[in-house]
Amino acid sequence: MHKPFKTNKRLLSKEEKMIRAIEFYTFDDLDFELEYLPVDDGLTHEERAALDDALDKALDKDDFLEADRLCELHPYIEPQLDVPKNYDKLSSSVRFLVDAFVSRDIFEETITFKCLKCDYEETLDLEIVEESWDDIGFPDYPVAYCSNCNKDRLVPIDIYNKKKLK
């Protein structure tokens, strides 16, 4: 598909490729439990459990102000996959697939978007944009809703620059 806008390509590191491959090839294996590195968010296990319970209760009551307050007190830290441990647990056939994936040059491709209404800027994954763009059927370029002003005026930055120069 010809893209009338610029994309940003970044070569994935070996670690990033390992994570993607391990997650992909173990997704359907219900017996495989991914292991993660410990998260140090400054809370004890008991404090984290109490915070999680309080957050669940606030969300059950649709108390979004309280939920936001709790999240601001202790932001969520995404746990990181323990690559060596998970790799060691893989069967030889899955390990072969992971190694083959990691040996290739894999790129992450993104598009920088900018809102024609409020000038908000964000970067979106090309694969996700292409899926929604094909479904929606915009002929020339993708258009998305801006998460800042909630208008359907978020366009690739190349298109934004062309339209703003007119």
| query | Out of segment 34-58, which residues are among the hydrophobic types (A, V, I, L, M, F, W, C), assigned to a loop (DSSP other than H, G, I, E, B) and modelled with pLDDT under 90? | reply | V39, L43
| request: Under 6 Å between Cβ atoms, at least 6 apart or on separate chains: pull out the pairs that start in segment 142-166 with a residue that is within 8 Å of C115 (Cα to Cα) and end on any residue that is hydroxyl-bearing (S, T, Y). | output: C146/Y120
| Do we have any residue at all in segment 75-86 that's of a type outside the set (A, V, I, L, M, F, W, C), in a helix (DSSP H, G or I), touching a residue at least 24 places away in the same chain (Cβ under 8 Å) and under 30 Å from E15 (Cβ atoms)? | yes
| task | Can you confirm whether segment 138-157 contains a residue that is among the small types (G, A, S) and over 23 Å from K17 (Cβ atoms)? | result | yes
| said: Please count how many residues of segment 107-132 are out of contact with any strand residue (DSSP E or B) (no Cβ under 9 Å at 6 or more places or on another chain) and free of Cβ contacts under 8 Å to residues at least 60 places away in the same chain. | reply: 4
| note | Checked segment 59-81 for anything surrounded by fewer than 11 Cβ atoms within 10 Å (Cβ to Cβ), modelled with pLDDT of 85 or more and of a type in the set (D, E, K, R); matches are D60, K61, D62, E72
| Residues being assigned to a loop (DSSP other than H, G, I, E, B), modelled with pLDDT under 90 and surrounded by 12 or more Cβ atoms within 10 Å (Cβ to Cβ) - total across segment 107-143 | 4
| task | Give the residues of segment 8-33 that are surrounded by 15 or more Cβ atoms within 10 Å (Cβ to Cβ) and part of a loop (DSSP other than H, G, I, E, B), sorted by residue number. | result | L12, F32
| Pair list, Cβ under 8 Å, 6 or more apart: segment 24-43 residue over 20 Å from P84 (Cβ atoms), other residue part of a helix (DSSP H, G or I) and of a type outside the set (D, E) | D41/R48; L43/L51
| Members of segment 90-111 found to be polar (S, T, N, Q) and farther than 17 Å from L11 by Cα, listed by number | S91, S92, S93
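The values are calculated or read from the model by the stated rules, or taken from the named source; none is laboratory data. Computed from a predicted model, the values in this text were never measured in an experiment. Virtual Cβ from ideal backbone geometry, glycine too; neighbours counted across all protein chains shown.
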